[in-house]
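Peer 1: Mind looking over this structure? Questions follow.
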Amino acid sequence: MKSYRKELWFNVPNRRDFINITPQVEACLRESGIQEGLALVNAMHITASVFINDDESGLHSDYDTWLERLAPHEPTSQYRHNLSGEDNADAHLKRQVMGREVVVAITGSRLDFGPWEQIFYGEFDGRRRKRVLVKIIGE
Amino acid sequence: MKSYRKELWFNVPNRRDFINITPQVEACLRESGIQEGLALVNAMHITASVFINDDESGLHSDYDTWLERLAPHEPTSQYRHNLSGEDNADAHLKRQVMGREVVVAITGSRLDFGPWEQIFYGEFDGRRRKRVLVKIIGE
Amino acid sequence: MKSYRKELWFNVPNRRDFINITPQVEACLRESGIQEGLALVNAMHITASVFINDDESGLHSDYDTWLERLAPHEPTSQYRHNLSGEDNADAHLKRQVMGREVVVAITGSRLDFGPWEQIFYGEFDGRRRKRVLVKIIGE
């Protein structure tokens, strides 16, 4: 069994944004030389997500509006987590809806994807350096 | 390390439905001959889910009602994604709540499940052919 | 390829609670002797979650309040699942928001975590014995 590990770093200039990281994950896969196996891609921070969906800007705007409705940033005083001086409780909630990680099949040295699947980093508390972990195991 | 891959195809006659795919995944596992490892089961389409829960029709009705409350299909004009002529933005949102994939332990040639765990395909934009990927790695 | 399996048992005295199970998962990893691979940690019951987030009591209170807003326990009669005499339909919904499982990279015999990542058992229908499965594969 082979294993491969890489950290991807991001510094998103806005509080919230979605970034297509499929090309970086594909580069990791090529570097790993793994032909058959599983790739885990996860946020290493608990106010961010990694998820798979469509690379369509209207949809990303819909996600942002919807997540703000489910778990609004303001008023920050509505969250007990923020009593400690933080203002990012909503980001911890939004991340649970969108998920921490994806696991992707590796088949024939490729990400084994359906026609529209793309991997996104979902930032909910940006403006600082944060990481995504890519771990691939297989042969 | 062995690896196994199979696509399961569905053409759900309604816009939304939940289908128990545990027997198909068990058939894949038998065909794989893998005794110890991990099985990944994921929707290959971004308006569908694979999740694990109870095979109880009342609960499935509750899921449908609840998801419609969290991310209603109508009015379709509330979503920017639908400006492109689509009407399935809600399906992209519902799928995030229910999840893209499950990872299941394989122990002694069986899906290593608790008493009520069953695997479902969750369709949120049906009436067309769509796929689920089963990938199993192990020995 | 090595594989390791262990069940962790819980009997949470309240209906809902969050329990940090990171030390137990770390003990499993030591016992497994696996240095490189993937760990799957999943609820074996369909009214509970395993998820990764912050070990902060204010945040856990925020999660509880938020999940009760998204999928309230009362009135229990609002759910068709409860017509069968159950009162835990809301727990099946809450578990979908928080997730069934996490997959964690194993690197150098350790859980490959960012600075604040901790693994939690999320109980939504407690006061009885329930299980979490830890399955680790690798070398």
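Peer 1: Quick one: count up the residues across the stretch A:81-126 that are acidic (Asp, Glu) and modelled with pLDDT under 95.
Peer 2: Residues flagged as acidic (Asp, Glu) and modelled with pLDDT under 95 within the stretch A:81-126 amount to 1.
Peer 1: Among the residues of the stretch B:106-115 satisfying the criterion of being under 16 Å from C:Ile46 (Cα atoms) and touching a Ser or Thr at 6+ places or on another chain (Cβ under 9 Å), which is farthest from the other protein chains (Cβ to nearest Cβ)?
Peer 2: So the residue we want is B:Leu111.
Peer 1: For residues that are polar (S, T, N, Q) and open to solvent by 60 Å² or more (accessible area, probe 1.4 Å), scanning just the stretch C:10-39, find the one that is farthest from the chain's Cα centre (by Cα).
Peer 2: Step by step, filter the stretch C:10-39, then rank; the result is C:Gln35.
Peer 1: Of all residues in the stretch C:1-19, which are under 17 Å from C:Leu38 (Cα atoms) and of a type outside the set (A, V, I, L, M)?
Peer 2: C:Lys2, C:Ser3, C:Tyr4, C:Arg5, C:Lys6, C:Glu7
Peer 1: Condition first: crowded, with 22+ Cβ neighbours inside 10 Å, over 30 Å from A:Ile137 (Cβ atoms) and either touching a residue at least 40 places away in the same chain (Cβ under 8 Å) or touching a Phe, Trp or Tyr at 6+ places or on another chain (Cβ under 9 Å) (or both). Can you find one or more residues in the stretch B:102-123 that meet it?
Peer 2: Yes, the conditions are met somewhere in the stretch B:102-123.
Peer 1: Do the conditions hold for B:Asn42, that is, is it facing chain A (nearest Cβ under 10 Å), surrounded by 24 or more Cβ atoms within 10 Å (Cβ to Cβ) and within 23 Å of A:Gln118 (Cβ to Cβ)?
Peer 2: Judged against the criteria, B:Asn42 is a match.
Peer 1: Just to be sure before I move on: is B:Glu86 crowded, with 18+ Cβ neighbours inside 10 Å, more than 22 Å from A:Glu101 (Cα to Cα) and away from chain C (no Cβ under 12 Å) in the structure I sent?
Peer 2: Criteria met by B:Glu86.
Peer 1: In the set B:Arg128, B:Arg80, B:Arg95, which member is at the interface with another protein chain (Cβ under 7 Å from one of its Cβ atoms), out of contact with any Cys (no Cβ under 7 Å at 6 or more places or on another chain) and either in contact (Cβ under 8 Å) with a residue 24 or more places away in the chain or open to solvent by 30 Å² or more (accessible area, probe 1.4 Å) (or both)?
Peer 2: It is B:Arg80.
Peer 1: Somewhere in the stretch C:101-110, is a residue in contact with a strand residue (DSSP E or B) (Cβ under 8 Å, 6 or more places away or on another chain), in a loop (DSSP other than H, G, I, E, B) and within 22 Å of B:Leu70 (Cβ to Cβ)?
Peer 2: No, because not a single residue in the stretch C:101-110 is in contact with a strand residue (DSSP E or B) (Cβ under 8 Å, 6 or more places away or on another chain), in a loop (DSSP other than H, G, I, E, B) and within 22 Å of B:Leu70 (Cβ to Cβ).
The values are calculated or read from the model by the stated rules, or taken from the named source; none is laboratory data. In this text, all values refer to a predicted model and were calculated from it rather than measured experimentally. Because the Cβ atoms are built from the backbone with ideal geometry, glycine has one as well, and the counts that use them run over all protein chains shown. The area values use the complete protein model at the heavy-atom level, side chains included, leaving out ligands, DNA and RNA. Shrake-Rupley method; radii C 1.70, N 1.55, O 1.52, S 1.80 Å.
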